[in-house]
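Engineer: This structure is in structure tokens; I'll ask about it shortly.
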Amino acid sequence: MINSTKTAVAFESQFGKKPMMFIAPGRINLIGEHTDYNEGFVMPAAIDKHFDFAVATNQSHLFNITANDLGETISFKSDELKSGNRWENYLMGVIDGFKRRGKVIDGVDCMFSSTIPSGAGLSSSAALCSGFGFALNEIFHCGLAKIDIALIAQEAEHRFAGTKCGIMDMYASLFSQQGSVMLLDCRSNMHEYLPVHFEGFEILLIDTNVKHSLNDSSYNDRRAACEEGVKIMQGKFSNIKSLRDVSSTMLEASKSMMSDDVYMKCFYVVHEIERTLRAPELLKANDLTGFGKLMYKTHWGLSKEFKVSCEESDWLVTWANENEITGARQMGGGFGGCTINLVKKEMVPSLIDDVRTKYFAAFKREPDFYNVQLSGGVHKTKTALDWRER
Ligand code: GLA
């Protein structure tokens, strides 16, 4: 039984009614890491790993929510919302976003389950918030646009989970289109789809199984360093709003005014925005070798300049380089999670065998491998039960 049908069946047996079903995908990001909260560009896409939500109104003032994979159910009222970084706090943050926009969403029965590995840098929390927000908007006819739902999901992370993330993850989960990546401008929140032709290649994620959590201060510290750099440079260049407005020449001219740490963080972001803007041309020309080189540059920038990598990710990317893999880098917020690899199809089986053995020998930890497809964004769906009734 596919996952959404399983969730629908479990929902019916727990709540005794038929749900509406929704799918909310995780995402990859080809390039443009830690640029979103600097108003730069990113190139994400949703993938075929997702949350399933079964949702129905319940004409009460209670939110009854079951995390099916964990076997946990909680019930609360909309005036009992609490911050924290357990799954329910993210959902409470979403409810709070609706309330702050004056939307009435009292009384929901909900069950969800997921095929997105958590802590792997695939944005499971953004998918959780985006999918739940999308579902609430539908079942209560709130009339919010997808961008409002993305902003609500981002606010949930900021206000309830304490991660000052950018907009990329929720935007990708909501707006992606099957078979495309998007170039998202994180200043205007506008995107363009770029159809990609990876014929003969696979996008292979290698999960270090070093579980990252962006809730600790490391992620927010990086953001703070970027903001400090901007503040310093505003003393010299009055029209700067974010690192998006800073060229490498401007940064060099300001170097003596900032600490080495702040300089290196800004250096990484300014160059990553440049790389991300070069990337579409390479993809359009189908120059995957050139694109792969940019991925490697991003990785070493993340590792040596922005300092969000870890030994295991560096090891995987070094292995990829030595074995002539077209492109590889750590993906997402960092500190572990997955590397994203652009690999010639015929090389995949031997890569998996070799990496599995050598990675285990080096770290006494098994890696996981996910071959992902570029998928559409959050949507309402049907289950095998709906089709049977037609
Ligand atoms: C996490 C955040 C995103 C983004 C990436 C790094 O996934 O949620 O907003 O900053 O890290 O690119």
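Engineer: How about segment 39-83: which of its residues are in contact with a Pro (Cβ under 8 Å, 6 or more places away or on another chain) and more than 24 Å from Ser176 (Cβ to Cβ)?
Structural biologist: The answer is Ala56, and nothing else.
Engineer: If you check Gly166, Gly133, which single one turns out to be open to solvent by less than 30 Å² (accessible area, probe 1.4 Å), part of a loop (DSSP other than H, G, I, E, B), within 16 Å of the ligand (Cβ to nearest atom) and modelled with pLDDT of 95 or more?
Structural biologist: Working: Gly133 fails: part of a loop (DSSP other than H, G, I, E, B).
None of the others qualify; the one that does is Gly166.
Engineer: Moving on. Mind listing just one residue for me: the one in segment 275-286 that is under 20 Å from Leu251 (Cα atoms) and open to solvent by 70 Å² or more (accessible area, probe 1.4 Å) and, of those, farthest from the chain's Cα centre (by Cα)? Can you show your working first?
Structural biologist: Step one: of segment 275-286, the residues under 20 Å from Leu251 (Cα atoms) are 275-278.
Narrowing further to those that are open to solvent by 70 Å² or more (accessible area, probe 1.4 Å): 277-278.
On the way: Leu277: 20, Arg278: 22 Å.
Here the answer is Arg278.
Engineer: Of the residues that sit in segment 169-189 and are within 13 Å of the ligand (Cβ to nearest atom) and crowded, with 24+ Cβ neighbours inside 10 Å, which one is farthest from the chain's Cα centre (by Cα)?
Structural biologist: Applying the filter and picking the extreme gives Leu184.
Engineer: Glu155: outside any loop (DSSP other than H, G, I, E, B), within 15 Å of the ligand (Cβ to nearest atom) and either in contact with an Asp or Glu (Cβ under 9 Å, 6 or more places away or on another chain) or basic (Lys, Arg) (or both), yes or no?
Structural biologist: It is true that Glu155 is outside any loop (DSSP other than H, G, I, E, B), within 15 Å of the ligand (Cβ to nearest atom) and either in contact with an Asp or Glu (Cβ under 9 Å, 6 or more places away or on another chain) or basic (Lys, Arg) (or both).
Engineer: OK, next. All but one of (1) farther than 22 Å from Ile28 by Cβ; (2) part of a helix (DSSP H, G or I) hold for Arg222, so report the exception by its number.
Structural biologist: The single condition Arg222 does not satisfy is (1).
Engineer: Same structure, new question: Out of Ala54, Ala127, Ala45, which single residue is more than 19 Å from Glu157 (Cα to Cα) and within 12 Å of the chain's Cα centre (by Cα)? Quick ask: steps written out before the conclusion?
Structural biologist: Numbers: Ala54 fails: within 12 Å of the chain's Cα centre (by Cα); Ala127 fails: more than 19 Å from Glu157 (Cα to Cα).
Result of the check over Ala54, Ala127, Ala45: Ala45.
Engineer: A follow-up question, please. One residue is enough: does segment 203-215 have a residue meeting the conditions open to solvent by 40 Å² or more (accessible area, probe 1.4 Å) and part of a strand (DSSP E or B)?
Structural biologist: So far as segment 203-215 goes, no, none of its residues is open to solvent by 40 Å² or more (accessible area, probe 1.4 Å) and part of a strand (DSSP E or B).
Engineer: Name the residues in segment 58-73 that are touching a strand residue (DSSP E or B) at 6+ places or on another chain (Cβ under 6 Å) and either free of Cβ contacts under 8 Å to residues at least 60 places away in the same chain or aliphatic (A, V, I, L, M) (or both), would you?
Structural biologist: Here is the first cut: in segment 58-73, the residues touching a strand residue (DSSP E or B) at 6+ places or on another chain (Cβ under 6 Å) are 58, 61-66, 68-69, 73.
Residues satisfying the conditions are Asn58, His61, Leu62, Phe63, Asn64, Ile65, Thr66, Asp69, Thr73.
Engineer: So the check is Cβ under 7 Å with 6+ separation or different chains; which pairs have a first residue in segment 252-270 that's closer than 16 Å to Arg223 by Cβ and a second one that's outside any helix (DSSP H, G or I) and among the aromatic types (Phe, Trp, Tyr)?
Structural biologist: Lys265/Phe306; Tyr268/Phe306
Engineer: Which one of the conditions (1) modelled with pLDDT of 95 or more; (2) open to solvent by 10 Å² or more (accessible area, probe 1.4 Å); (3) more than 30 Å from Leu283 (Cα to Cα) does Lys6 fail to meet, given that it meets all the rest?
Structural biologist: Unmet condition: (1).
Engineer: Then there is this: Hey, can you tell me all the residues within segment 72-116 that are modelled with pLDDT under 95, open to solvent by less than 40 Å² (accessible area, probe 1.4 Å) and not small (Gly, Ala, Ser)?
Structural biologist: The one that is modelled with pLDDT under 95, open to solvent by less than 40 Å² (accessible area, probe 1.4 Å) and not small (Gly, Ala, Ser): Ile105.
Matching residues to (1) within 16 Å of the ligand (Cβ to nearest atom); (2) in contact (Cβ under 8 Å) with a residue 40 or more places away in the chain; (3) open to solvent by less than 40 Å² (accessible area, probe 1.4 Å):
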residue: Asn341; (1), (2), (3): no, yes, yes
residue: Met347; (1), (2), (3): no, no, no
residue: Ser350; (1), (2), (3): no, no, no
residue: Asp354; (1), (2), (3): no, no, no
residue: Phe360; (1), (2), (3): no, no, no
residue: Asn371; (1), (2), (3): no, yes, no
residue: Thr383; (1), (2), (3): no, yes, yes
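Engineer: May I pose another question? Given the conditions (1) within 16 Å of the chain's Cα centre (by Cα); (2) at pLDDT 95 or above; (3) within 14 Å of the ligand (Cβ to nearest atom), which single one is not true for His212?
Structural biologist: Exception for His212: condition (2).
Engineer: May I pose another question? With (1) away from the ligand (no atom under 16 Å from the Cβ); (2) farther than 21 Å from Ser375 by Cβ; (3) touching a Gly at 6+ places or on another chain (Cβ under 9 Å) as the list, and Thr115 as the residue in question, which single condition is left unmet?
Structural biologist: If we test Thr115 against (1) away from the ligand (no atom under 16 Å from the Cβ); (2) farther than 21 Å from Ser375 by Cβ; (3) touching a Gly at 6+ places or on another chain (Cβ under 9 Å), just (2) comes out false.
Engineer: Here's another thing I want to ask about it. So if I check each of Glu228, Glu192, Glu199, which one is open to solvent by 60 Å² or more (accessible area, probe 1.4 Å), of a type in the set (Asp, Glu), assigned to a loop (DSSP other than H, G, I, E, B) and more than 16 Å from the ligand (Cβ to nearest atom)? Write out each step before concluding.
Structural biologist: Numbers: Glu228 fails: assigned to a loop (DSSP other than H, G, I, E, B); Glu192 fails: assigned to a loop (DSSP other than H, G, I, E, B).
Answer to the check: Glu199.
Engineer: For segment 326-337, indicate whether the set of residues that are loosely packed, with under 14 Cβ neighbours inside 10 Å, at pLDDT 95 or above and within 22 Å of Thr208 (Cβ to Cβ) is non-empty. Even if it seems obvious, please write down each step before you answer.
Structural biologist: So in segment 326-337, the residues loosely packed, with under 14 Cβ neighbours inside 10 Å come out as none.
Within segment 326-337 (the criterion being loosely packed, with under 14 Cβ neighbours inside 10 Å, at pLDDT 95 or above and within 22 Å of Thr208 (Cβ to Cβ)), the answer is no, since none of the residues qualifies.
The values are calculated or read from the model by the stated rules, or taken from the named source; none is laboratory data. Note that the structure is predicted; figures quoted are calculated from it, not measured. Reconstructed Cβ throughout: ideal geometry from the backbone, glycine too, with neighbour counts over all protein chains shown. Calculation scope for accessible area: heavy atoms of the full protein, side chains included, ligands and nucleic acids excluded. Shrake-Rupley method; radii C 1.70, N 1.55, O 1.52, S 1.80 Å.
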